[in-house]
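Please treat every number below as a calculation from the coordinates, not as lab data. Please read these numbers as outputs of a predicted model, since none were measured by experiment. Neighbour counts are summed over all protein chains in view; Cβ atoms, including those assigned to glycine, are modelled from backbone coordinates with ideal geometry.
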Amino acid sequence: MNRPIGNLSHLAERIDLAAAFRWTARLNMHEGVANHFSLAVNEDGTRFLMNPNARHFARIRASDVLEIDANDPTTMDRPDAPDPTAWGLHGAIHRACAHARCVMHVHSIHATVLASLADSRLPPIDQNTAMFYGRHVIDGSYGGMAFEEEGARCASMLRNPKVKTMIMGNHGVLIIGDSVADTFNRLYYFERAAETYIRALQTGQPLRVLSDEIAEKTAREWEAYPDTATSHLQELKAILDGEGSDYAH
């Protein structure tokens, strides 16, 4: 494994985040130098790690990741200040939702297509879409870029710990979770689920929608399934290590 350099705080967490950034870029789920991932590192979630401003996901290393205090009003005066929309959205969520340990926001293609439909619900039409049954919220009140006021509005919709996915109408998707692995795994599967649904709509054929009973049963089975999220991230890091990536530096 590539060993990181320096004496950074929260090193393991930084490495996990860096791997998630690299793989998100590889899956073409990034938005150039926009979009942001964050991870809480204290008990109440108000101190968090986040990617630096204007850095492409494909180049982010563990040592590049910022540590930010959501309660510090001088954050945007720092010489390494984060992107203002990242501060607005992620800062608001980490202040308001201690259960949102990790927050990932992207404008990935299929999730954003879904978010652009008049009806942005994700029906349970297969095993992956059923993962999100009763566990996503749709924000139908897009108010512009996610500066502080818009970030606070979005955060208010995530207070129910059962809801871990926000379909941000006219915007994209936001996923929360317990760790980088948990959140990235959900982000990956949401994009896959959204693609399946969009492609099914494109056939013009009637959808075979699961019953509420089976959809809820399947969602619970996903939640109780052996920890594939950790294995997923470990395998991605193993691939990056094998390629000689510098993500862990």
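General remarks:
- Ordering 112-123, 208-219 by mean Cβ neighbour count within 10 Å, with the highest value first, yields 112-123, 208-219.
- Remark: C-alpha extents of segment 177-231 on the principal axes read 38, 23, 16 Å, sorted largest to smallest.
- Placing unit charges on each Cβ (+1 for Lys and Arg, -1 for Asp and Glu) gives segment 11-242 a dipole about its Cα centre, and among Ala152, His90, Gln234 the Cα reaching farthest toward its positive end belongs to Gln234.
- Residues Asp83, Asp69 arranged by fewest to most Cβ contacts within 10 Å: Asp69, Asp83
- Placing +1 on the Cβ of every Lys and Arg and -1 on the Cβ of every Asp and Glu, with nothing else charged, gives the chain a dipole about its Cα centre of roughly 360 debye.
- For the listed peptides 155-163, 171-179, 58-66, a ranking on the average number of other beta carbons within 10 Å per residue, highest first, reads 171-179, 58-66, 155-163.
- Radius of gyration over Kirkwood radius for the chain, both on Cα atoms: the Rg/Rh ratio is 0.96.
- Anchor Lys237: lysines whose Cα lies under 25 Å away (excluding residues fewer than 8 positions away in-chain): Lys164
- The alpha carbon centroids of segment 11-82 and segment 134-197 are separated by 17 Å.
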